[in-house]
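A quick write-up on the structure given underneath.
Values in this text are rule-based calculations from the coordinates and carry no lab data. The structure presented is a predicted model; accordingly, all values stated were derived computationally and were not measured. Note that we place each Cβ from the backbone using ideal geometry, even for glycine, and neighbour counts take in every protein chain shown.
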Amino acid sequence: MNITEKLERALSDIAPFLCDIFIEYSHILTKKLLPSGLHVLKQTASIVELVMLLFNEGRLLSHTSKDHVVKVANEADFILNRMRADDICKASEFEQLSAQTTVERKSEEQLYEHFITGVRQRHQVIASHDLRRRQRLIRNPNGSIHSEAKQKSSFNGINDDIITSVIQEENLLKQQKIQNFNQTISDDDEKDLDQDFSGPICFSTECFINLWYNYYTWYFSYDT
């Protein structure tokens, strides 16, 4: 038994069904799987031709799949190369930026070190001046508990008492002056009421308040 008889014996029941499927869905299969030998099925229904057709279509499908895989691989390789180039550009930009930032930070660090050294030198100079001033001072071996210090403190207390007494006396004198001034004003008013005035009347007022006001206005205008 040759291979043809084996194929016919094995696929004798399925061959008509497959032929009917290929012929019925030919408008779909011609676009997808069977572009080459579908017209053979319309003329004959041999099982050998069906098997050869399936092998041919499988071969074509494998080649198509291979071409598609190669195409996708090439596209992926192109995309990866482009991404790699972008990564290289970004890495170079990052290196340049990092180098620039390091230079700026070094310059700032040098400037800060210069400021710090200047401040330290200034503090050292001030401390040395203070030390020299303190060395020039004459220390009192007795401290502030000796008799002269006590006498000075007592003198200071006496002076404070004198100052307070003088201030109190000045306040009393001011109050007496104000009272006398008010009494004189009231007496003058009573005299004016008692007198009969005839002829022209002349009003006179003191100018102290007006001059005081003018003095302060001139002072504020000068400051502004």
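Going by how many other Cβ atoms sit within 10 Å of their own, how do Y112, Y25 line up, fewest first? Intermediate values should be presented prior to the final figure.
On the way: Y112 10, Y25 13.
Result, fewest neighbours first: Y112, Y25.
If r is the Cβ-Cβ distance from A91 to K71 and R0 is 35 Å, what FRET efficiency results, to the nearest 0.05? My answer for the efficiency is 0.70.
Within the shell defined by Cβ-Cβ distances under 13 Å, the residues around H114 carry a net charge of 0, with Lys and Arg each +1 and Asp and Glu each -1.
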